1. Can you tell me which residue among 218, 205 is touching a Phe, Trp or Tyr at 6+ places or on another chain (Cβ under 8 Å), of a type in the set (A, V, I, L, M) and assigned to a loop (DSSP other than H, G, I, E, B)?
2. Is there a residue being in contact with a helix residue (DSSP H, G or I) (Cβ under 6 Å, 6 or more places away or on another chain), surrounded by fewer than 21 Cβ atoms within 10 Å (Cβ to Cβ) and farther than 27 Å from residue 273 by Cα anywhere in region 108-125?
3. Identify all residues within region 89-128 that are in a loop (DSSP other than H, G, I, E, B) and within 18 Å of residue 142 (Cα to Cα); write none if there are none.
4. Evaluate region 228-248: report whether one residue or more is free of Cβ contacts under 8 Å to residues at least 40 places away in the same chain, out of contact with any Pro (no Cβ under 6 Å at 6 or more places or on another chain) and assigned to a helix (DSSP H, G or I).
5. Residue 262: surrounded by 15 or more Cβ atoms within 10 Å (Cβ to Cβ), modelled with pLDDT of 95 or more and in contact with an Asp or Glu (Cβ under 9 Å, 6 or more places away or on another chain), yes or no?
6. Anything in region 172-196 that is farther than 21 Å from residue 9 by Cβ and in contact with a strand residue (DSSP E or B) (Cβ under 9 Å, 6 or more places away or on another chain)? List them, or say none.
7. Among the residues that make up region 266-274, is at least one of them at positive phi and surrounded by fewer than 15 Cβ atoms within 10 Å (Cβ to Cβ)?
8. For region 229-238, name all the residues that are surrounded by 17 or more Cβ atoms within 10 Å (Cβ to Cβ), under 14 Å from residue 111 (Cβ atoms) and at pLDDT 95 or above.
Amino acid sequence: MKTILVTGALGQIGSELVTKLRSLYGDNHVVGADIRTDADNPVVRGGPFEALDVMDGERFLEVGKKYHVDAVIHLAALLSATAEAKPQFAWHLNMTGLLNSLETARQLQCQLFTPSSIAAFGPSTPKDSTPQDTIQRPNTMYGVTKVSGELLCDYYHQRFGVDTRGVRFPGLISYVTPPGGGTTDYAVEIYYQAVKNKKYTSYIAAGTKMDMMYMPDAVDAIVRLMEADPATLVHRNAFNITAMSFAPEDVAAAIQALMPEFVLTYDVDPVRQKIAESWPNSIDPSCAVEEWGFQPSYDLKSMTKDMLEKLSS
């Protein structure tokens, strides 16, 4: 039975991923780690947990050795909108943390998963059905760290034989953990506000399409890629994955089908709007489908129904 270390375990992805992994591999085989420690959090209570600043390489390796980990899932990072407010710190956290995770994986000879993002693309990338292999010239610090991370993971695989794996996540939507500073967070907030206030003011302009995915599909993708036969992986790192592409008015229409009184208005944030416009309208996930069987279960209609039900309860 493998033992997995998950950094950023109290974040949006980590909080749901740790729960899923513990259900699959057993509570004691999944170690949560985060710079925050919240004794009441189910992730902290539900199995082994360590306080970890991922920029501390010695401590990172120490935790890995303590639990004899076979895999590291490195999620700790500063997201797009927050990274634009603190670009120097974003570089330091995102790149130092990744390097420390790679070094831990190299020294312990274990698997490493780390997510990239659609932010790794930029204004000169083809906008529609963005290919797996294409030009990547992002104009945000978050995007720059993600492209750099993709290259660094490729390097550690080629140079040191580290079993690195990763996906380019689209915007992720969850009812478990509130959003944490991403450009696509409007697509999470809109559901919370629909249930709470029956209205939402979008900081992203009408007509701005971005790729999205419901969190259960994102968690399933991580598990499926980590369990894939390495012989089938041509690309290995930074697979395009997506479940749907929509603009704010599309989400509003899906909500109004179940909640006719819901009202959407706009107050566009120029910083986040500029970031959104630099990203693709839709990406092509065919390599992930072919190489490890990626298959999302939720579309906008089924996700909306589930989000509204879960948040209402």
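1. None of the others qualify; the one that does is 205.
2. Checking region 108-125: at least one residue is in contact with a helix residue (DSSP H, G or I) (Cβ under 6 Å, 6 or more places away or on another chain), surrounded by fewer than 21 Cβ atoms within 10 Å (Cβ to Cβ) and farther than 27 Å from residue 273 by Cα.
3. Answer for region 89-128, where residues must be in a loop (DSSP other than H, G, I, E, B) and within 18 Å of residue 142 (Cα to Cα): 114, 115, 121, 122, 123, 124, 125.
4. yes
5. Answer is no for this residue.
6. Scanning region 172-196 gives 183, 184, 186, 187, 189, 190, 191, 192, 193, 194.
7. Within region 266-274, none of the residues are at positive phi and surrounded by fewer than 15 Cβ atoms within 10 Å (Cβ to Cβ).
8. Within region 229-238, 233 is the sole residue that qualifies.
The values are calculated or read from the model by the stated rules, or taken from the named source; none is laboratory data. For clarity, every value in this text was computed on a predicted model and none was experimentally measured. Here Cβ is always computed from backbone atoms with ideal geometry, including for glycine, and neighbour counts include all displayed protein chains.
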